[in-house]
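> Mind having a look at this structure? Questions to follow.
The values are calculated or read from the model by the stated rules, or taken from the named source; none is laboratory data. Quantities reported herein were computed from a predicted structural model and do not represent experimental measurements. Neighbour counts run over all protein chains shown; Cβ positions are idealised from the backbone, glycine included. The protein model used for the area step is the full one, side chains on, heavy atoms only, and it has no ligands, DNA or RNA in it. Shrake-Rupley method; radii C 1.70, N 1.55, O 1.52, S 1.80 Å.
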Amino acid sequence: QVQLVESGGGLVQPGGSLRLSCAASGTIFSIYYMGWYRQAPEKERELVARITSGGTSIYADSVKGRFTISRDNPKNTVYLQMNSLKPEDTAVYYCNGLIQTTPSGAGNYWGQGTQVTVSS
(Lines give C-alpha, C1' and ligand atoms only; values in the text may rest on other atoms or scores of the structure.)
Protein backbone atom coordinates (compact mmCIF):
# COMPACT_ATOMS: atom_id res chain seq x y z
CA GLN A 1 0.00 0.00 0.00
CA VAL A 2 0.95 3.64 -0.40
CA GLN A 3 1.87 6.09 2.31
CA LEU A 4 2.03 9.86 1.98
CA VAL A 5 4.24 11.60 4.53
CA GLU A 6 4.19 15.37 4.91
CA SER A 7 6.84 17.57 6.44
CA GLY A 8 7.69 21.25 6.73
CA GLY A 9 4.81 22.66 8.75
CA GLY A 10 5.30 24.94 11.68
CA LEU A 11 4.76 28.37 13.17
CA VAL A 12 5.55 31.43 11.07
CA GLN A 13 4.84 35.14 11.33
CA PRO A 14 2.57 36.90 8.85
CA GLY A 15 4.48 37.61 5.67
CA GLY A 16 6.81 34.69 6.23
CA SER A 17 7.38 31.56 4.20
CA LEU A 18 7.26 27.81 4.59
CA ARG A 19 7.87 24.92 2.25
CA LEU A 20 5.87 21.74 2.65
CA SER A 21 7.02 18.41 1.28
CA CYS A 22 5.09 15.22 0.65
CA ALA A 23 6.75 11.95 -0.30
CA ALA A 24 4.82 8.96 -1.56
CA SER A 25 6.18 5.51 -0.84
CA GLY A 26 5.08 1.94 -1.36
CA THR A 27 4.02 0.07 -4.45
CA ILE A 28 3.61 2.84 -7.01
CA PHE A 29 3.01 2.15 -10.66
CA SER A 30 2.29 5.75 -11.53
CA ILE A 31 1.03 8.99 -10.02
CA TYR A 32 -1.71 10.84 -11.85
CA TYR A 33 -1.60 13.88 -9.63
CA MET A 34 -0.62 15.00 -6.15
CA GLY A 35 -1.58 18.09 -4.25
CA TRP A 36 -2.48 19.81 -1.04
CA TYR A 37 -5.69 20.38 0.84
CA ARG A 38 -6.12 22.31 4.06
CA GLN A 39 -8.65 22.36 6.84
CA ALA A 40 -9.05 25.04 9.46
CA PRO A 41 -10.99 24.39 12.68
CA GLU A 42 -14.73 24.17 12.09
CA LYS A 43 -14.29 24.62 8.34
CA GLU A 44 -14.49 22.21 5.44
CA ARG A 45 -11.41 20.80 3.82
CA GLU A 46 -10.51 22.77 0.70
CA LEU A 47 -8.19 22.23 -2.22
CA VAL A 48 -5.13 24.47 -2.09
CA ALA A 49 -3.13 23.31 -5.09
CA ARG A 50 -2.67 20.26 -7.28
CA ILE A 51 -0.17 19.23 -9.92
CA THR A 52 -0.19 16.40 -12.43
CA SER A 53 2.86 14.33 -13.23
CA GLY A 54 3.02 16.27 -16.48
CA GLY A 55 3.33 19.54 -14.60
CA THR A 56 -0.13 21.07 -14.98
CA SER A 57 -1.06 23.00 -11.83
CA ILE A 58 -4.21 24.46 -10.33
CA TYR A 59 -4.55 26.76 -7.33
CA ALA A 60 -7.24 28.08 -5.08
CA ASP A 61 -7.91 31.75 -5.78
CA SER A 62 -6.97 32.60 -2.21
CA VAL A 63 -3.39 31.38 -2.65
CA LYS A 64 -2.67 32.08 -6.30
CA GLY A 65 0.36 34.32 -6.64
CA ARG A 66 1.62 33.42 -3.18
CA PHE A 67 1.93 29.63 -3.27
CA THR A 68 3.76 27.49 -5.80
CA ILE A 69 3.37 23.75 -6.20
CA SER A 70 6.08 21.63 -7.79
CA ARG A 71 7.03 18.01 -8.06
CA ASP A 72 10.00 15.69 -8.39
CA ASN A 73 8.66 12.71 -10.27
CA PRO A 74 11.63 10.35 -9.76
CA LYS A 75 11.32 10.91 -6.00
CA ASN A 76 7.51 10.71 -5.98
CA THR A 77 7.53 13.96 -4.06
CA VAL A 78 5.46 17.11 -4.25
CA TYR A 79 6.27 20.47 -2.68
CA LEU A 80 4.28 23.53 -1.72
CA GLN A 81 6.23 26.76 -1.42
CA MET A 82 4.15 29.18 0.63
CA ASN A 83 5.14 32.84 0.60
CA SER A 84 3.52 35.97 2.02
CA LEU A 85 1.65 33.87 4.53
CA LYS A 86 -1.45 35.28 6.17
CA PRO A 87 -3.23 34.33 9.40
CA GLU A 88 -6.08 32.94 7.33
CA ASP A 89 -3.66 30.37 5.91
CA THR A 90 -3.57 28.71 9.33
CA ALA A 91 -4.80 25.14 8.95
CA VAL A 92 -3.80 21.52 8.88
CA TYR A 93 -2.39 20.84 5.43
CA TYR A 94 -2.98 17.40 3.96
CA CYS A 95 -1.14 15.82 1.08
CA ASN A 96 -3.36 14.05 -1.42
CA GLY A 97 -2.67 11.92 -4.45
CA LEU A 98 -4.34 9.79 -7.09
CA ILE A 99 -1.91 6.90 -7.38
CA GLN A 100 -1.92 3.70 -9.38
CA THR A 101 -0.90 0.89 -7.03
CA THR A 102 -1.72 -2.19 -9.14
CA PRO A 103 -1.55 -2.90 -12.86
CA SER A 104 -5.27 -2.18 -13.14
CA GLY A 105 -6.24 0.11 -10.31
CA ALA A 106 -5.66 3.44 -8.65
CA GLY A 107 -6.60 4.92 -5.32
CA ASN A 108 -6.99 8.26 -3.63
CA TYR A 109 -4.50 8.58 -0.78
CA TRP A 110 -4.10 11.05 2.06
CA GLY A 111 -1.29 12.01 4.37
CA GLN A 112 -1.89 12.49 8.06
CA GLY A 113 -1.48 16.25 7.90
CA THR A 114 0.96 18.89 9.03
CA GLN A 115 0.02 21.97 11.02
CA VAL A 116 0.72 25.42 9.61
CA THR A 117 0.16 28.31 11.99
CA VAL A 118 0.57 31.92 10.88
CA SER A 119 0.58 34.23 13.87
CA SER A 120 2.50 37.17 15.24
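> Where in the stretch 44-73 does the amide nitrogen come within less than 14 Å of the point 7 Å from the Cα of Arg19, taken along Cα to Cβ?
68-72
> So which aspartates and glutamates can Lys64 reach, going by Cα to Cα under 17 Å and dropping same-chain residues fewer than 8 places off?
Within reach: Glu46, Glu88, Asp89.
> Roughly speaking, what is the stretch gain from Lys43 to Ser120, that is 0.36 nm per residue apart minus the C-alpha to C-alpha distance, in nm to one decimal?
Full extension of this stretch gives 25.5 nm more.
> To the nearest 20 Debye, how big is the dipole of the chain about its Cα centre, given +1 on the beta carbon of each Lys and Arg and -1 on that of each Asp and Glu?
220
> In bins 10 Å wide, starting from 0, what share of all Cα pairs of the stretch 78-120 does each bin hold, as a percent?
23, 39, 23, 12, 3
> Of all chymotrypsin sites (Phe, Trp or Tyr not before Pro) in the stretch 1-92, which ones are in loop regions per DSSP and have a Cβ with at most 15 other Cβ atoms within 10 Å?
Counting only loop positions with at most 15 other Cβ atoms within 10 Å, the chymotrypsin sites (Phe, Trp or Tyr not before Pro) in the stretch 1-92 are Phe29.
> Can you give the alpha-carbon Rg of the chain over 2.2 N^0.38 Å, where N counts its residues?
Normalised Rg, Cα atoms only: 1.03.
> Follow-up. Given a 1.4 Å probe and every protein chain left where it sits, what share in percent of the accessible area of the chain is carbon and sulfur?
Carbon-and-sulfur percentage of accessible area, whole number: 46.
> Hey, another quick one. Karplus couplings for the stretch 106-120 from phi (6.51 cos²θ - 1.76 cosθ + 1.60, θ = phi - 60°), rounded to Hz, Gly and Pro as x?
10, x, 9, 10, 10, x, 8, x, 9, 7, 10, 10, 10, 7, 8
> Same structure again: So if we plug the beta-carbon distance of Ile28 and Gln81 into 1/(1 + (r/R0)^6) with R0 = 35 Å, what FRET efficiency do we get, rounded to 0.05?
Efficiency, rounded to the nearest 0.05: 0.90.
> Working from the pairwise distances between different alpha carbons, so that the mean of 1/r is found and then inverted, what is the stretch 14-61's Kirkwood radius in Å?
13.0
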